[in-house]
2 protein chains.
Amino acid sequence: MKNLDTSLYFITESSGFTEEEFLYRVEEALKGGVTLLQLREKNKTIREYIDIAKKVHAIARKYNVPLIIDDHVDVALAIDAEGVHVGQDDMPVSIARNLLGEDKIIGATTKTVLQALEAYEQGADYLGAGAVYPTTTKVKTVLTPTETIRDICNAVPLPVNAIGGLNKDNMDILNGIPIAGICVVSAIMKADDPKQAAAELKAKEICLAAHGVIRRR
Amino acid sequence: MKNLDTSLYFITESSGFTEEEFLYRVEEALKGGVTLLQLREKNKTIREYIDIAKKVHAIARKYNVPLIIDDHVDVALAIDAEGVHVGQDDMPVSIARNLLGEDKIIGATTKTVLQALEAYEQGADYLGAGAVYPTTTKVKTVLTPTETIRDICNAVPLPVNAIGGLNKDNMDILNGIPIAGICVVSAIMKADDPKQAAAELKAKEICLAAHGVIRRR
C-alpha cells in the first residue's frame, strides 16, 4: 500500500474564478494544510486542461502534495501527474493501472461495497465514497448512506474518503466511521479565506482522529 | 514517413444508430474499400468510448485497416489503437507523440499553413484540412478555401486529406489540388448502402488519381 495521506483531500473547481484567482486559492489551500489535491475540470478543452494542470502541478510540488487528475488519464500522462481519479463512467481502474504503472496513485469513486471491492481488485490506491450530502458541484447527486460508507471502509484495506457537501460544521455525521479522510470542494474553494478554511478542516479532522474516528495509516 | 493510405478516410458518427446498426455500417464501409478509419465519439463517457472502440477495432483488424481514435489519447492507449487524430483544441501533437511512441499514427486538423507546419514539426503523420463545405456533423463549421488547402499540401511533406461535407458529387472542387485523399462522414455513414457509397467514392478517387490529382505516395 502506498504511503498516502488522504486526510484533507481538496478537489478544485475553477468555474467562476479568473485563472489568477483560481491559482491563488489553490495555493492558499495548500498553505492551509491540504494533503492531497485533485484537479477537476469539466468544461475545458484538453489543451486548456493540460495548460492549467501544468500550472497547478508546479504549485503543488512546492508543498510536496501529490496532484491527482480527475478522469483524464491522457492529461495525467501528459503532465506526469502523481495520479488520476476515476469514476464509474471513466476508464476502468485496471486499464488506468496498466497505462500509468505501479507507482502512480489511482483513486476511484465508489457508491457500493461491490464497486469498492472491484476497484480494490483492479488496483486502486484509495477510494472516495459518497455523496454524504447533496452538493452544488455536481448536477445530479446520488446520496450514499453513511452506513454504506462504513461498510465500504470495512470491506477493503484501502484508505476511504467521504465526499459530498462536507464542511467543518456538518462532518460530525461521520463520527465513528473509519474513514481515512474527507474530500471537499466548496468548503475550501468558495471560502472567504481558503487557507483558513483548510486549516480549520484539518484541525477538526485531527480532533476526530484523536478520538479514533479517522483511521490513520 | 509511414506507409499510410489515407485515400478514403472514413470518420464514424454513431448518433442516431443502434450499436448493432452502427457496427454493421462500419463493416460495410470497410468492405466498400475504406483505407483508414476514425472513431469519433462526442457524447459518450470514457467507459462507453473504450467499449465501442474495442468493438470497432476488432472489425477494422479483419480488413487490415488502421483505427484512429479522435481526440482521446487515453482511449487510444487503452485499446492499443493504431493512432489518434487531434484538433487544435486537443492534445498538442508533440505530447501525443511522446505518449504514443514513433510507431503510432498521429493526424492533426489544420486550417492554415502555419498550423500545418507546426503539426509537421511536432511529428504528425498526416493532416486533415478543411472544411471544404459546410458539414452537418459539426455545430460550427469554419470553411477553409481550397486555395489554402493547396498551400497546405505544398507546404508540408505529409499526406493531406480534404474534409468537410464532401461526397462523390461535389468533390470535383478539389481538382488539381494535390491532396492525398478525402475524409468523409455523412457520405458513407448516412448512405442507404454504406458499402456502395464507399466503393463509389473510391472509384471516383481512383479516377481523380489517374488524372494526377490525388498525390500517391
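A few points about this structure:
- Residue of chain B with the Cβ closest to the rotation axis carrying B onto A, and that distance rounded to whole Å: B:ASP74, 2.
- If the Kirkwood radius is taken over C-alpha pairs of chain A, then at 10 °C and 1.306 mPa s the Stokes-Einstein diffusion coefficient equals 93 µm²/s.
- By average C-beta atoms within 10 angstrom, highest first, the peptides B:160-173, B:29-42: B:29-42, B:160-173
- Relative contact order (percent, whole number), region B:62-148, Cα cutoff 8 Å, 6+ residue spacing: 20 percent
- Per-q log10 I(q)/I(0), region B:5-52, q = 0.14, 0.23, 0.25 Å⁻¹ (Debye; single scatterer per alpha-carbon; no solvent): -0.36, -0.87, -0.98
- Fewest-first ordering of B:THR141, B:THR136 by other beta carbons within 10 Å of each residue's beta carbon gives B:THR136, B:THR141.
- Column: log10 I(q)/I(0), Debye, Cα scatterers of the protein assembly as shown, q = 0.12 Å⁻¹: -0.96
- Ascending list, in nanometres, of distances separating the B:LYS31 label from those of the other copies (7 Å, Cα toward Cβ): 6.7
- With the label put 7 angstrom out from Cα along the Cα-to-Cβ vector, A:ILE173 ends up 5.7 nm from the copy partners, going from closest to farthest.
- Dipole magnitude of the protein assembly as shown, debye to nearest 20 (Cβ charges: Lys/Arg +1, Asp/Glu -1, about Cα centre): 160 debye
- Number of partner chain Cβ atoms within 10 Å, mean per residue of A:76-88: 2
- Cα-centre dipole for chain A with unit charges at Cβ (Lys and Arg positive, Asp and Glu negative), debye to 20: 320 debye
- The charge dipole of region B:112-174, taken about the Cα centre with unit charges on the Cβ atoms of Lys, Arg (+1) and Asp, Glu (-1), comes to about 260 debye, rounded to the nearest 20.
- Under 5 Å, built H, 5+ apart or other chain: amide partners of B:HIS85: B:ILE69, B:ASP70, B:ASP71, B:GLY107
- Translational D in µm²/s for region B:48-136 (Stokes-Einstein at 4 °C, 1.567 mPa s, Kirkwood Rh from C-alpha pairs): 96 µm²/s
- The mean sequence distance of close C-alpha pairs (under 8 Å, at least 6 residues apart), as a share of the length of chain B, puts its relative contact order at 22 percent.
- Taking 7 Å steps out from each Cα toward its Cβ at B:GLU19 and A:LYS31 produces label points 5.1 nm apart.
- Neighbours of A:LEU39 by Cβ distance under 14 Å: Lys/Arg scored +1, Asp/Glu scored -1, total -4.
- Taking a straight Cα-Cα cut-off under 26 Å and skipping sequence neighbours fewer than 8 places away in the same chain, the lysines within cross-link reach of B:LYS2 are B:LYS31, B:LYS54, B:LYS55, B:LYS62, B:LYS104, B:LYS111, B:LYS202, B:LYS204.
- The ranking of A:GLU205, A:GLU27, B:GLU20 from fewest to most other beta carbons within 10 Å of each one's beta carbon is B:GLU20, A:GLU27, A:GLU205.
- Over chain A: helical MRE at 222 nm, DSSP H runs n ≥ 4 each giving -39500 (n - 2.57), nearest 500: -12000 deg cm²/dmol
- Sorted from nearest, the other copies put their A:PRO157 label points 5.8 nm away, the label point being 7 Å from Cα in the direction of Cβ.
FYI, it's all coordinate maths here, none of it is from the lab. Computed from a predicted structure; not experimentally measured. For neighbour counting, all protein chains shown are included, and Cβ atoms are generated from backbone atoms with ideal geometry for every residue, glycine included.
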